[in-house]
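Inspection log for the structure reproduced underneath, given as structure tokens.
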């Protein structure tokens, strides 16, 4: 037990950087869970695109009618008539459509002259089409009324158009058994991001121990100590295992604290925990690999960051796999994070516990374990060669 | 003598592999990962594609010729195509809806309805199309009730719907939000120049390093040493940021606009701010090297975060809710300078950013100078 006890004494030296990783992750998780909607929306809600309307035709009732109608079909965000502020708003997508009603628009429209609402948009974007539809629908309806129904004043025309446009097509939501109405639940994000936290924490911890125990003089001293080297290795391995299990337990506990109710209700907690456990094993083996190559704290920090960031970005931890570039994803397949996220996504979309729907999840978990075994074996092979070079 | 100190300092800094890794290799790696993970996103995610839709093939649908015509004209290939239509029986349509190969399923019975799996913009467009069909019908019926004679003209005019919007632009720049990440990344690289400034500060103070002690007793004016060191740090960090900019512009094809001179000016001023920030931490903050490095990393990451490194929107939120913070955060000033160059036609905001950066750098240099000058040690 000598080595096992020493393990956790050494671990204290890297406790700070592990705690920073854990703290950052939990901070982000709390932030995200406070932003995610707690109850799933089961009714259809039309998208309300954020629009900035600059009405330079202040006196026109028609222009005002258009603004009111846009206020009903989209979300109006008040902005001053200042190009710099409007450009900022569009770049950061506080608004996705800027509609400028030019001065004299209402009168020009009423007299049948050609006139148009000026728009500043993200070119060819879906939301711009959507808002265009509202504007065109309103003005075309007013035009037909003006030409054919004999209504004269702008106010009458606006009222007639609004009456025509009041009808809503009935929309039914069909959820096909998913509990979330197609929305990705908060805990799915939690477990996806936990891949980054697990990697960073476990690799930092495991490699710190490895660096300490692989220092040449210490290593040689341990070789001639009256403790069989087999039991040294076994106790170290037990330490790695306990440490990885501890990190995993903290993250699973965190998921229950933040999303307990919905997670339990979904009945998926077991599968998520199993998947993260497999990934914890992968992380421990990655830590083993990193630890047997780096020798100092400085290069360890670099290696940990490179490994975790590359694996997280290319595996789809930060950006969902569904929106990632296909060719990047095909490279990502060679990383365990890809299979972790695949299993994670599949669990989130599970509609029933049938063998058919569970098979891909267990398959992805097994592939992760395969990665763990492969990483472990490669490290053993390489470190054996290097160990002999000490002597 | 200046050149002598400068050239040796340059060698000394360049041999610090670890700092070269963090200030150059790490930023290049992060740029590559950003590019692969979401470099393509704005274009692909926001671009309009015809909405994939299923319509249930029922007797009522087959009987409604006018509705069929409208759907057919909306799904005609071309610039104005709104729908990608599949006519299917109910079960097949439901299957398509379930596996996500269509966004919605149109049902025609006594009235026209829509079935969807979730709320979203594609589903909203579908609803808007169906709404419009119902609204137009209502308009026509209403008008004909008052003015039956207009029937012929009215029907012919329905096919000729006018577009009432005209696209204009404040400037030629496409508002691509993803650029914000890369501008914040350059800001981070500039702030990481602080590592060089910190090294300089440690290597010149006798109570912090053996090298500082040796240099303190060297027969050369301290100001000369400090200036030569600063010039070397600036040269290294500017070269590194130039490599990053070249990589972003020529390999990853990130758009910086076409004002190369101003882009380089921003990089240079950003590096000055970074180096003086490192020097400031190294001289003004008390404590050993570990503490100072920790503070430098923490501060530069916080500043980069507020400039939009992890979440682009935060920069704009700060600028609107707490504008003072964005004027005193060098990282936000650097990324806003790049943004202003890209998006605006005028240079007013750009020069405000550059001016603030110069001011902040001057204050930090002055503080470091006050701290360093006439420093005496009882025993070295």
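The values are calculated or read from the model by the stated rules, or taken from the named source; none is laboratory data. None of the values given here were measured: they were computed from a predicted structure. FYI the Cβ positions are ideal-geometry reconstructions off the backbone, even for glycines, and counts take in every protein chain you see.
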Can you name the number of the only condition in (1) assigned to a helix (DSSP H, G or I); (2) touching a residue at least 24 places away in the same chain (Cβ under 8 Å); (3) within 8 Å of chain B (Cβ to nearest Cβ) that residue A:146 fails? (3)
Among residues belonging to segment A:113-143 that are more than 8 Å from every other protein chain (Cβ to nearest Cβ) and modelled with pLDDT of 90 or more, point out the one that is surrounded by the most Cβ atoms within 10 Å (Cβ to Cβ). A:142
Could you say whether any residue in segment A:292-300 is in contact with a helix residue (DSSP H, G or I) (Cβ under 9 Å, 6 or more places away or on another chain), more than 14 Å from chain B (Cβ to nearest Cβ) and modelled with pLDDT under 95? yes
Going through (1) in contact (Cβ under 8 Å) with a residue 24 or more places away in the chain; (2) buried (at least 18 other Cβ atoms within 10 Å of the Cβ); (3) farther than 30 Å from residue A:155 by Cα one by one, residue A:92 fails only at (1)
From A:353, A:376, A:371, A:340, which residue is assigned by TED's automatic domain parsing to the domain that holds residue A:188 and not in a helix (DSSP H, G or I)? A:353
Does segment B:158-173 hold any residues that are modelled with pLDDT of 80 or more and within 9 Å of chain A (Cβ to nearest Cβ), and which are they? B:162, B:163, B:164, B:165, B:166, B:167, B:168, B:169, B:170, B:171, B:173
Helices (runs of 4 or more DSSP H) contained in segment B:289-380 and holding at least 1 residues touching a residue at least 40 places away in the same chain (Cβ under 8 Å): B:289-306, B:313-321, B:330-343, B:348-372
Just one of the numbered conditions (1) assigned to a helix (DSSP H, G or I); (2) over 36 Å from the mean Cα position of the chain (by Cα) is not true of residue A:59; which one? (1)
Of the residues A:323, A:331, which is closer than 22 Å to residue A:190 by Cα, touching a helix residue (DSSP H, G or I) at 6+ places or on another chain (Cβ under 8 Å) and within 14 Å of chain B (Cβ to nearest Cβ)? A:323
Condition first: in contact with a helix residue (DSSP H, G or I) (Cβ under 7 Å, 6 or more places away or on another chain), closer than 29 Å to residue B:376 by Cβ and more than 14 Å from chain A (Cβ to nearest Cβ). Can you find one or more residues in segment B:240-247 that meet it? no
Can you confirm whether residue A:98 is more than 22 Å from residue B:313 (Cβ to Cβ) and within 12 Å of chain B (Cβ to nearest Cβ)? no
(1) surrounded by fewer than 19 Cβ atoms within 10 Å (Cβ to Cβ); (2) touching a strand residue (DSSP E or B) at 6+ places or on another chain (Cβ under 6 Å); (3) not assigned by TED's automatic domain parsing to the domain that holds residue A:72 all hold for residue A:171 apart from (1)
For segment B:91-142, give me each residue that is within 7 Å of chain A (Cβ to nearest Cβ), assigned to a strand (DSSP E or B) and in contact with a strand residue (DSSP E or B) (Cβ under 6 Å, 6 or more places away or on another chain). B:113, B:114, B:115, B:116
All but one of (1) out of contact with any strand residue (DSSP E or B) (no Cβ under 7 Å at 6 or more places or on another chain); (2) closer than 30 Å to residue B:335 by Cβ; (3) surrounded by 15 or more Cβ atoms within 10 Å (Cβ to Cβ) hold for residue A:78; state the number of the condition that does not hold. (3)
State all residues of segment A:72-88 that are in contact with a helix residue (DSSP H, G or I) (Cβ under 8 Å, 6 or more places away or on another chain) and either at pLDDT 95 or above or within 27 Å of residue A:165 (Cβ to Cβ) (or both); if no residue qualifies, say none. A:73, A:74, A:76, A:77, A:79
Consider segment B:249-278. How many of its residues are at pLDDT below 95, farther than 18 Å from residue B:349 by Cβ and in contact with a helix residue (DSSP H, G or I) (Cβ under 6 Å, 6 or more places away or on another chain)? 2
Residue A:85 is checked against (1) within 14 Å of residue A:63 (Cβ to Cβ); (2) more than 8 Å from every other protein chain (Cβ to nearest Cβ) and fails just one. What number does that condition carry? (1)
What's the total number of residues in segment A:66-75 that are surrounded by fewer than 21 Cβ atoms within 10 Å (Cβ to Cβ), part of a helix (DSSP H, G or I) and in contact with a strand residue (DSSP E or B) (Cβ under 9 Å, 6 or more places away or on another chain)? 2
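Every residue, every condition in (1) facing chain B (nearest Cβ under 10 Å); (2) modelled with pLDDT under 90, yes or no:
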residue: A:151; (1), (2): yes, yes
residue: A:154; (1), (2): no, yes
residue: A:191; (1), (2): no, no
residue: A:207; (1), (2): no, no
residue: A:219; (1), (2): no, yes
residue: A:228; (1), (2): no, yes
Quick one: count up the residues across segment B:26-48 that are surrounded by fewer than 15 Cβ atoms within 10 Å (Cβ to Cβ) and in a helix (DSSP H, G or I). 2
Quick check: anything in segment B:359-380 crowded, with 17+ Cβ neighbours inside 10 Å and farther than 30 Å from residue B:216 by Cβ? no
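Here is a yes/no grid of residues against (1) outside any helix (DSSP H, G or I); (2) within 13 Å of chain A (Cβ to nearest Cβ); (3) without any contact (Cβ under 8 Å) to a residue 60 or more places away in the chain; (4) more than 30 Å from residue A:118 (Cβ to Cβ):
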position: B:152; (1), (2), (3), (4): no, yes, yes, yes
position: B:175; (1), (2), (3), (4): yes, yes, no, no
position: B:189; (1), (2), (3), (4): no, no, no, yes
position: B:200; (1), (2), (3), (4): no, no, no, yes
position: B:219; (1), (2), (3), (4): yes, no, yes, yes
position: B:227; (1), (2), (3), (4): no, no, no, yes
